[in-house]
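The values are calculated or read from the model by the stated rules, or taken from the named source; none is laboratory data. Since we're looking at a predicted model, the values are computed, not measured. Every residue, glycine among them, receives a Cβ derived from its backbone with ideal geometry; neighbour counts consider all protein chains shown.
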Amino acid sequence: MTTRTLVLPLVAAALAACATGPTLTTQERLDLYRAHAGAPVMSFRLDRMTGTQQWTPLGDQALAVWSSANRGHLIELRSRCPSMLSAGGISLTNSLGNVTRMDSVVPRTAGGMRNTCRIDTIRPIDGSALRDAKRELREAQLVDRSTVPADDQAPAQ
């Protein structure tokens, strides 16, 4: 099954979810990021410390770390990391700027709690495709026929 074959049902499901509420659930957001992430990689280069400041939490077991607007990585953790939900920032353990599956995410919370959360998988994100998919979701306007007044509906033929 190709990536495109997998992406289309996920986007359709996300569009359907938008019809029932104004925002995606945490699971739907994670699914959208997964749909736009490549195959797992062993490591990535953290060029500067921007990756630890530009991040997107995706629940308590995943996050996206961004090196630039189009370059990011989906990081899924080995287990739940509850302190990530209240973190104001994160740090990533690394070896000379190289983050591997042996490293950890360290959420920084207001209380100063420093739990380490071990990385399970790292997948590169196609940032421009993800941005396009998000824009399509925002622009999609699905109207339930039962909510349209009867005099606005087209006559039956």
- Output the number of residues of segment 59-98 satisfying the condition of being of a type in the set (A, V, I, L, M, F, W, C) and in contact with a Cys (Cβ under 8 Å, 6 or more places away or on another chain). 3
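Go through segment 68-88 and give me each residue that's touching an Asp or Glu at 6+ places or on another chain (Cβ under 6 Å) and surrounded by fewer than 18 Cβ atoms within 10 Å (Cβ to Cβ).
Arg78, Arg80, Pro82, Leu85
Select from segment 89-128 the residues that are among the aliphatic types (A, V, I, L, M) and surrounded by 14 or more Cβ atoms within 10 Å (Cβ to Cβ) and write down the one among them that is farthest from His36 (Cα to Cα).
This residue is Val106.
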- Item | helices (runs of 4 or more DSSP H) wholly inside segment 1-110 containing at least 3 residues that are under 16 Å from Arg131 (Cα atoms) and at pLDDT below 90 | 3-20
- Query: If you check Thr121, Thr100, Thr93, which single one turns out to be in contact (Cβ under 8 Å) with a residue 60 or more places away in the chain and under 16 Å from Ala64 (Cα atoms)?
  - Reply: Thr121
